[in-house]
Amino acid sequence: MSGLPTRYMLIGLATLAILLPLIGCGGDEEDAAGAMGMTPEEHALMQAGGGQEVDSTGTLVRQPVHLTEAQEQALGVVYTKVETRRLERTIRTVGRVVAAEDRVADVTLKIDGFVEDLYVNTTGESVRKGQPLLTLYGPELVAAQEELLTAKRLASRVEESAEEAWLSAQSMLEAARRRLLYWDITAEQIERLERTGEVTKTLTLVSPVSGIVLQKQVLKGQRVTPGLLLYRIADLSEVWVEGDVFEQDLQFVQLDAQSHIEVAAYPGEHLMGRVSFVYPTVDVDSRTNCVRVTLKNPGLRLKPGMFATMFFDSQLPETMAIPLEAVLVTGERNLVFVRDADGMLQPREVVLGPQAGDYVQILSGLELGETIVGSANFLVDAESRLASTGGGMPGMQHGSEPAETTPRPAEHQHD
């Protein structure tokens with residue numbers, strides 16, 4: 001065969017050289033060798049060890065390759081320099097809108113009682129801080145009001161000149177007030193009680209925050225006990241968007257960095273938020289880490305439970321990087337073909353850092369300024385594999401020194 005082999009022939013022969021040891025042909029050795037254009041001895045060597053040089057771990061050893069200018073053009077080989085550059089990367093993940101935990105309040109009771117009136121009666125209602133939620137009747141509440149009024153009367157009768165008695169009466173009055181305050185009775189209700197001197201059957205429980213009722217678990221007439229959850233109210237003027245980021249991408253997500261959010265309900269809108277928390281643990285099954293973004297929610301347009309798309313833009317400091325296309329990933333290692341001063345393409349193992357767009361960081365294995373194969377690596381690797389069998393394509397040179405190409409003498413024909 002003469003001339004430069006086509007790209008398809010090179011790939012096919014390289015693949016065949018790799019797969020032959022795995023085929024296990026059971027036919028005649030001479031027939032199999034003849035079909036491949038090989039001697040029986042060469043075919044036996046190929047079957048025994050693939051005819052390929054391997055290291056102590058069984059990994060195929062690639063051989064240096066020398067290409068002429070015509071061969072480089074035919075194979076589409078392009079060279080590039082190893083340089084430093086600033087890598088930019090955007091991490092994209094799916095998130096969910098949740099209520100900000102620091103803006104959620106549970107309404108519970110600290111005493112026994114019965115719900116007399118219910119002012120906020122449905123989930124989803126909007127309430128403001130201090131708005132009445134319900135009225136509560138309880139014997140303890142009535143008794144506490146009476147104790148306050150008794151302490152008030154006693155304190156008013158004691159002269160300030162009787163210092164010890166006056167201080168004792170004032171202490172009793174303050175203790176009676178605190179008891180009601182501890183039961184979440186408002187200061188306004190206590191002041192009205194002292195001003196009017198009238199004990200009321202019920203006292204009113206008010207909302208501690210402004211927000212939306214996420215849960216309501218109380219009915220009119222219900223008996224309630226200390227610790228029972230009555231309402232869960234969330235201030236949704238600021239919400240969280242939480243999403244899972246793969247652990248290898250965490251280095252691109254920084255606290256306080258900006259993130260933009262998109263939701264399906266408002267196509268084309270970009271909402272800006274801030275990375276407020278990166279969870280300290282990684283999910284062992286998915287190998288992801290939860291990241292939280294905090295953002296304002298004017299008009300309460302973002303609803304807890306909505307799905308969102310999260311984008312994190314990051315920029316690495318200037319670092320050594322090469323085109324991703326220049327790296328040959330074998331499954332066992334990452335290789336780059338380096339062109340030396342003699343024009344030989346030397347396979348070099350490299351350690352990769354993070355990928356950013358069409359470039360990848362090089363942690364070790366290359367030096368700045370070196371010339372490497374930037375494209376058609378698979379074709380160069382195919383020839384390098386063939387070189388390890390001691391063969392190779394016609395017109396290719398292998399080894400540490402490029403050999404000169406000399407024309408083949410014409411064979412004499414005999415009658």
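Whole-Hz Karplus values for the range 270-277 come out as 10, 9, 9, x, 10, 5, 9, 6 Hz, taken residue by residue from phi with 6.51 cos²θ - 1.76 cosθ + 1.60 and θ = phi - 60°; glycine and proline positions read x. Listed values for the range 239-245 are Karplus-derived 3J(HN,Hα) couplings in whole Hz (6.51 cos²θ - 1.76 cosθ + 1.60, θ = phi - 60°), namely 10, 10, 10, 10, x, 9, 10, and x replaces Gly and Pro.
Counting charges near K152 (Lys, Arg +1; Asp, Glu -1) among other residues having Cβ under 12 Å from its Cβ returns a value of -1. With a threshold of 27 Å on the Cα-Cα distance, the over-threshold entries among K129/K201; K110/K303; K129/K296; K110/K296; K152/K220; K152/K216 are K110/K303; K110/K296; K152/K220; K152/K216.
Over all pairs of different C-alpha atoms, the range 110-226 has a mean inverse distance whose reciprocal, the Kirkwood radius, equals 15.7 Å.
Here the 3J(HN,Hα) profile of the range 343-349, calculated from phi with Karplus coefficients 6.51, -1.76 and 1.60 at θ = phi - 60°, is x, 6, 9, 8, x, 10, 7 Hz, Gly and Pro shown as x.
For R274, the shell of other residues with beta-carbons less than 15 Å away shows a net charge of -3, using +1 for Lys and Arg and -1 for Asp and Glu. Amide H contacts of I362: M320, A321, I322, G353, each under 5 Å away and 5 or more positions distant or on a separate chain (H built 1.01 Å from N in the peptide plane; Pro and chain starts excluded). Looking at the range 175-258, the GluC sites (Glu not before Pro) that sit in a DSSP loop and have at most 12 other Cβ atoms within 10 Å of their own Cβ are E198.
How far, in nm, would the chain grow between S168 and A341 when pulled straight, counting 0.36 nm per residue and subtracting the alpha carbon separation? Walk me through the numbers on the way to the answer.
On the way: separation 173, 0.36 × 173 = 62.28 nm, distance 9.96 nm.
Between S168 and A341, full extension yields an extra 52.3 nm.
Under a 5 Å amide H cut-off, with hydrogens placed 1.01 Å from N, S207 pairs with G130, Q131, L133 among residues at least 5 apart or on other chains.
For the range 131-174, GluC sites (Glu not before Pro) are listed when DSSP marks them as loop and at most 10 other Cβ atoms sit within 10 Å of their Cβ; the list is E159, E160.
Taking other residues whose beta carbon is less than 11 angstrom from the beta carbon of A165, and scoring Lys, Arg as +1 and Asp, Glu as -1, yields -3.
Read the figures in this text as sums done on the coordinates, not as results from a lab. The structure presented is a predicted model; accordingly, all values stated were derived computationally and were not measured. In this analysis, Cβ positions are derived from the backbone assuming ideal geometry, glycine residues included, and neighbour counts consider all displayed protein chains.
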